[in-house]
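Participant: Quick one: this structure, given as structure tokens, is what I'll be asking you about.
The values are calculated or read from the model by the stated rules, or taken from the named source; none is laboratory data. Here the structure is a predicted model, which means the values were calculated and not measured. We place every Cβ from the backbone using ideal geometry, glycine too, and count neighbours over all the protein chains shown. Only protein heavy atoms, including side chains, enter the accessible area calculation; ligands, DNA and RNA are left aside. Shrake-Rupley method; radii C 1.70, N 1.55, O 1.52, S 1.80 Å.
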Amino acid sequence: YGSTRPERILAEVKRKATRGDARSVVDTIDQYCRHQEWAMNVGDEKGTILDSIVCEVKPMAMLELGTYCGYSAVRIASLLPPNSRLITMEFNPVFAAIARQVIAWAGVEDKVVLIEGPSGDWIPKMKKEFGLTSFDLVFLDHWKDCYLPDTKLMEECGLLRTGSILVADNVICPGAPDYLEYVRGSPRYESKYFRSHLEYTRVEDGIEKSVFLG
Ligand SMILES: O=C(NC/C=C/[C@H]1O[C@@H](n2cnc3cncnc32)[C@H](O)[C@@H]1O)c1cc([N+](=O)[O-])cc(O)c1O
Ligand SMILES: [Mg+2]
């Protein structure tokens, strides 16, 4: 009977990755998705760009929109300073259940809070639910037409402070043109494009890093 792609990715992690070793979970997923079946993880090439930004920012409070199988949650969590948290949102219960197991296998569950539900509903509740003032770093990797509305919602809910950084995957492929136009055109953002390739392919894609100026 047909398993889902995320279930096959989890099975591969349990078969090949070393329990408690986040790096081996990341490498196992990259190998599988490069050689067996493609999946929409940020991947190894764009992942190193994301890694460098996480290491530069050293966020105490980080948000990820769109957990999927948990690949980037594991990648990010393995680089977070002690006592910092990644909150990651996923509204598909099947994907959320897989991601929880991938995160646990990697041994980073104490750094990751996975919220199951739609970002649009949860963003307005973040401050109260988590005693947050603002996010130091946000990784956007969910539906591409949600990037802009969710960014505006985070602004309105006071979740961004002067210096908060937005990192958006796929700004070229599949593309997020309205988001790109907004962060590049707005005087409230200082935006920079990191050219790369769509995960596991030679197609151009890139990551946009945008600093909120307040
Ligand atoms: O479509 C892509 N990503 C969408 C990712 C979507 C993921 O975020 C969740 N989600 C969506 N809105 C949500 C709102 N709230 C919570 N989770 C949400 C979905 O349940 C899914 O797990 C994509 C596509 C390609 N591609 O080459 O086609 C490459 C990529 O790197 C991609 O990221
Ligand atoms: Mg992506």
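Participant: Please find, among VAL138, VAL94, VAL57, the residue that is touching a residue at least 40 places away in the same chain (Cβ under 8 Å) and touching a Pro at 6+ places or on another chain (Cβ under 8 Å).
Facilitator: Exactly one residue qualifies, and that residue is VAL94.
Participant: Would you tally the residues in region 21-52 being part of a helix (DSSP H, G or I), of a type in the set (S, T, N, Q) and surrounded by fewer than 19 Cβ atoms within 10 Å (Cβ to Cβ)?
Facilitator: Narrowing region 21-52 to residues part of a helix (DSSP H, G or I): 22-35, 43-52.
Retained after the next criterion (residues that are of a type in the set (S, T, N, Q)): 24, 28, 31, 48, 52.
Retained after the next criterion (residues that are surrounded by fewer than 19 Cβ atoms within 10 Å (Cβ to Cβ)): 24, 31, 48, 52.
Number satisfying all stated conditions: 4.
Participant: With the checklist (1) touching a residue at least 12 places away in the same chain (Cβ under 8 Å); (2) within 16 Å of ligand 1 (Cβ to nearest atom); (3) more than 16 Å from the chain's Cα centre (by Cα) in hand, flag the one item LEU198 doesn't pass.
Facilitator: (3)
Participant: Of the conditions (1) modelled with pLDDT of 95 or more; (2) in contact with a strand residue (DSSP E or B) (Cβ under 9 Å, 6 or more places away or on another chain), PHE130 fails just one. Which one is it?
Facilitator: So PHE130 meets the others, but not (1).
Participant: Just give me the residues in region 113-134 being closer than 18 Å to GLY70 by Cα and in contact (Cβ under 8 Å) with a residue 40 or more places away in the chain, in sequence order.
Facilitator: LEU114, SER119 - these are the residues of region 113-134 that are closer than 18 Å to GLY70 by Cα and in contact (Cβ under 8 Å) with a residue 40 or more places away in the chain.
Participant: Here is a further query. For residues that are assigned to a helix (DSSP H, G or I), in contact with a strand residue (DSSP E or B) (Cβ under 8 Å, 6 or more places away or on another chain) and not hydrophobic (A, V, I, L, M, F, W, C), scanning just region 53-110, find the one that is surrounded by the fewest Cβ atoms within 10 Å (Cβ to Cβ).
Facilitator: Only one residue fits best here, namely PRO93.
Participant: Which one is nearest to the chain's Cα centre (by Cα), of the residues in region 111-124 that are surrounded by fewer than 16 Cβ atoms within 10 Å (Cβ to Cβ) and in a helix (DSSP H, G or I)?
Facilitator: The selected residue is GLY120.
Participant: May I pose another question? Please list, ordered by residue number, the strands (runs of 3 or more DSSP E) wholly in region 133-205 having 2 or more residues that are open to solvent by 20 Å² or more (accessible area, probe 1.4 Å) and within 23 Å of ILE87 (Cβ to Cβ).
Facilitator: Working: elements: 135-140, 160-168, 189-197.
It comes to 160-168.
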